[in-house]
1. What's the number of the condition residue 4 fails, among (1) surrounded by 10 or more Cβ atoms within 10 Å (Cβ to Cβ); (2) modelled with pLDDT under 80; (3) assigned to a loop (DSSP other than H, G, I, E, B)?
2. I'm checking my understanding of the structure. Among residues of the range 40-56 that are over 19 Å from residue 21 (Cα atoms) and in a helix (DSSP H, G or I), which one is nearest to the chain's Cα centre (by Cα)?
3. Quick one: which residue in 75, 42, 37, 56 is under 21 Å from residue 98 (Cα atoms) and charged (D, E, K, R)?
4. So, in the range 7-28, of the ones that are at pLDDT below 80 and among the hydroxyl-bearing types (Ser, Thr, Tyr), which residue ends up surrounded by the most Cβ atoms within 10 Å (Cβ to Cβ)?
5. Just to check your reading of the model, which residue among 104, 60, 79, 52 is at pLDDT 75 or above, in contact with a Lys or Arg (Cβ under 8 Å, 6 or more places away or on another chain) and surrounded by 12 or more Cβ atoms within 10 Å (Cβ to Cβ)?
6. Checking residue 65 against (1) within 13 Å of the chain's Cα centre (by Cα); (2) part of a helix (DSSP H, G or I); (3) of a type in the set (A, V, I, L, M); (4) surrounded by 10 or more Cβ atoms within 10 Å (Cβ to Cβ), which test does it fail?
7. Cβ-Cβ under 6 Å, sequence separation 6+ or interchain: first residue in the range 20-35 and without any contact (Cβ under 8 Å) to a residue 60 or more places away in the chain and more than 22 Å from residue 57 (Cβ to Cβ), partner in a loop (DSSP other than H, G, I, E, B) and polar (S, T, N, Q). Which pairs?
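The values are calculated or read from the model by the stated rules, or taken from the named source; none is laboratory data. Because the structure is a prediction, the values reported are computed rather than measured. No Cβ is skipped: glycine too gets one built from the backbone with ideal geometry, and neighbour counts run over all protein chains shown.
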Amino acid sequence: MYLGLVDDEMIYAHGDLNVPAEYVSPGGYNLGTWVKRQRYTRQNPEKSCAVLTEERISKLDEIGMRWEKADSRLRRLELAQESKRERENLNVSAKHKTGEDIGLCS
């Protein structure tokens with residue numbers, strides 16, 4: 001088990017830790033809720049009973065933890081900037097999705 005909580009099989013069954021909150025691994029582990037709690041704990045340490053040490057944060061970073069939601073406004077801005085660098089403009093269709101399946105026009 002990774003970090004004593006999540007094993008590689010659970011993580012790599014989805015491909016990364018960018019999972020929806022309701023995602024349950026093939027083995028029945030509610031990985032989505034676990035990831036959501038890790039994010040909340042890091043972003044709201046004063047409100048959470050849990051503690052994320054720098055060592056745990058580093059280990060989560062190593063396995064692909066995304067601390068912001070996949071479709072957060074900040075992430076959409078980053079993706080739009082990448083798209084502009086590649087295309088030199090932001091002319092995309094309303095249905096355009098990034099490689100992460102995030103719509104830039106949403």
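1. With respect to (1) surrounded by 10 or more Cβ atoms within 10 Å (Cβ to Cβ); (2) modelled with pLDDT under 80; (3) assigned to a loop (DSSP other than H, G, I, E, B), residue 4 is out only on (1).
2. 56
3. Of the residues listed, the single one that is under 21 Å from residue 98 (Cα atoms) and charged (D, E, K, R) is 75.
4. Taking the candidates together, the pick is 25.
5. Checking each option against the conditions leaves just 52.
6. Residue 65 satisfies all of (1) within 13 Å of the chain's Cα centre (by Cα); (2) part of a helix (DSSP H, G or I); (3) of a type in the set (A, V, I, L, M); (4) surrounded by 10 or more Cβ atoms within 10 Å (Cβ to Cβ) except (2).
7. Filtered contacts from the range 20-35: 24/30.
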